[in-house]
Amino acid sequence: MSFQLLRNFTASSHVSFISPKIIKMPITRLSSPKRELNASVESRSPGTESVSDDCAGKLRVFVRKKRSQGAVKEVKVDVVDQKPYNLPEIEDFAYGKVNNCMHTTQVQLPLNWEKVLEGIRNMRSSEDAPVDSMGCEKAGSSLPPKERRFAVLISSLLSSQTKDNVTHGAITRLLQSNLLTAEAINDADEDTIKGLIYPVGFYSRKATNMKKIAKICLSKYDGDIPTTLEELLQLPGIGPKMAHLVMNVGWDNVQGICVDTHVHRICNRLGWVSRPGTKQKTSTPEQTRESLQLWLPKDEWVPINPLLVGFGQTICTPLRPHCDVCTIKNLCPSAFKETQRTSPKPKRKRK
C-alpha cells in the first residue's frame, strides 16, 4: 500500500531526480606531483641551472643561492629519483639514492682570478723561493724511478710542520748514509734514523713512521710505494696533502690539488675558497682543496702548489705579509689587513 502511494505521488508531481554535479578539487602539489614538477621547471629563473631532457620526471634537489656578479662554472649534481604520484621517501634523501641521470648547476668563479694568478706568476719569476730548489718533489731527483718515488714519499712525511730547508737537509743526510730506500730504512736502527732527520718537526714520531712505512712497502709493494691514493692514505703519518703530492710526482696521476698551509692561507686571503653553502673561510687545508677543485681548471692543479707555496714564502708570508710590494694588492680583498705590527700590552707594575 505504501509503495503504491509513493509511486502515484512521484508520477503526479512530475518530480525529476537530477544527477549530482562532479566537483573538481583544485590540483595541489600533493595531488599531482607531476604537474607541480613541470611548473617548477617552467618558473625557474633562466640561467640558474641547465637540465637535460632525459631528466624529466625526476625530483631536483638544489639550494637557491643569491645572485652575484662574476663568471660562473657548471658542475655536476646528482638527481634523485621521484616515484610517480608519491612523495619521495625519506631514505632517498638520507642515503643519496641516485641514478645515471645528471644535471648541471653553477658555481661562482672568483672575480679576476686569472689576473691574480698571472700577477703571482710574474712576482714568482723575479725571485726564487726555498720550494723551488728544496721542495718535496725535488727529493731523490737523481735516483732511479722506484727509489725516487720512495724518496718523495719520505720527504713528504718529513715536511709536515717543517720548513723546506730543514726537510731538504734531512733528506740529504739520509741519502748520504744510503738510508733512502725501503730496504735500508727497514734494516736501520730507529735511533740512527732519528739522529739523521733531526731537527725536523716531531722527528721521533716520524722516525717510527718511517720504519713502519718501509716495512709495509717491502711486504706489499716489493719495496715500491702504493699506486693509489686510498692506499697511500693508509700509510702511517701520510695525509691528503702528502698523498696527492706523491701521486702527482711519483705516478704522474693527478687526482687532486696538493694543499698545504701556504696554499690554504693564500686562497683564503684571496677569497678563492669558502665553506660549503657559506661565504666563510675554510678552516682546514682539506676544505680548501675541495672548494678550490670546484672551479680551478684541472691543468692548474699541479702547478698551483709550488706557485703559491713560493709566493707564501717570499711575499704573502704568514705573519705581516708584504702587501706594499705585492703587485696584486688592488685585487686582493685582504690587502694591508694583516700588515700592522701589534704592540704588546704594557705590563702592570706591582705595588
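Restrict the search to segment 182-222; then list the chymotrypsin sites (Phe, Trp or Tyr not before Pro) that DSSP places in a loop and that have at most 16 other Cβ atoms within 10 Å of their Cβ.
Of the chymotrypsin sites (Phe, Trp or Tyr not before Pro), the ones in loops of segment 182-222 whose Cβ has at most 16 other Cβ atoms within 10 Å are Phe202.
Counting Lys +1, Arg +1, Asp -1, Glu -1, what net charge surrounds Val131 among other residues with beta carbon under 15 Å of its beta carbon?
Overall, the nearby charge balance is 0.
Could you give the size of the charge dipole of segment 190-256 about its Cα centre, using +1 on the Cβ of each K and R and -1 on the Cβ of each D and E, expressed in debye and rounded to the nearest 20?
320
Among His168, His244, what's the order by accessible area (1.4 angstrom probe), most exposed first?
The most accessible residue leads, giving His168, His244.
Before I look further, what does segment 136-272 give for accessible area per residue, probe 1.4 Å, in whole square angstrom?
43
Roughly how many Å² of Thr181 are accessible to a 1.4 Å probe, to the nearest 10?
40
In what sequence, largest accessible area first, do Ser334, Ser177, Ser219 appear using a 1.4 Å probe?
Sorted by accessible area, descending: Ser219, Ser177, Ser334.
Quote the charge dipole size of segment 288-335 about the Cα centre in Debye, to the nearest 20; the model charges only the Cβ of Lys and Arg (+1) and of Asp and Glu (-1).
120
Suppose every K and R has +1 on its Cβ and every D and E has -1 on its Cβ; what is the size of the dipole of segment 140-260 about the Cα centre, in Debye to the nearest 20?
The dipole magnitude comes to about 260 debye.
With a 1.4 Å probe and all protein chains in place, put Lys337, Lys298 in order of accessible area, largest first.
Most to least solvent-accessible, the answer reads Lys337, Lys298.
Among Ala184, Leu158, Pro144, which residue has its Cα positioned farthest towards the positive end of the charge dipole of segment 122-259, with +1 placed on the Cβ of Lys and Arg, -1 on the Cβ of Asp and Glu, and the dipole taken about the Cα centre?
Farthest towards the positive end: Leu158.
Put +1 on the Cβ of every Lys and Arg and -1 on every Asp and Glu Cβ in segment 195-351; which of Gly223, Phe202, Gly310 then has its Cα farthest towards the positive end of the dipole?
Value computed over the given set: Phe202.
Find how many whole Å separate the alpha carbon centroid of segment 189-251 from the alpha carbon centroid of segment 116-131.
If we compute the Cα centre of each part, the gap is 30 Å.
Between Tyr198 and Lys329, what length in nm is gained on full extension when 0.36 nm per residue of separation is reduced by their alpha carbon distance?
Separation in residues times 0.36 nm, less the Cα-Cα distance, equals 43.3 nm.
The values are calculated or read from the model by the stated rules, or taken from the named source; none is laboratory data. Note that the structure is a prediction, hence the values are computed from the model and not measured. Neighbour counts are summed over all protein chains in view; Cβ atoms, including those assigned to glycine, are modelled from backbone coordinates with ideal geometry. These accessible areas exclude ligands, DNA and RNA; they are computed on the full protein's heavy atoms, side chains included. Shrake-Rupley method; radii C 1.70, N 1.55, O 1.52, S 1.80 Å.
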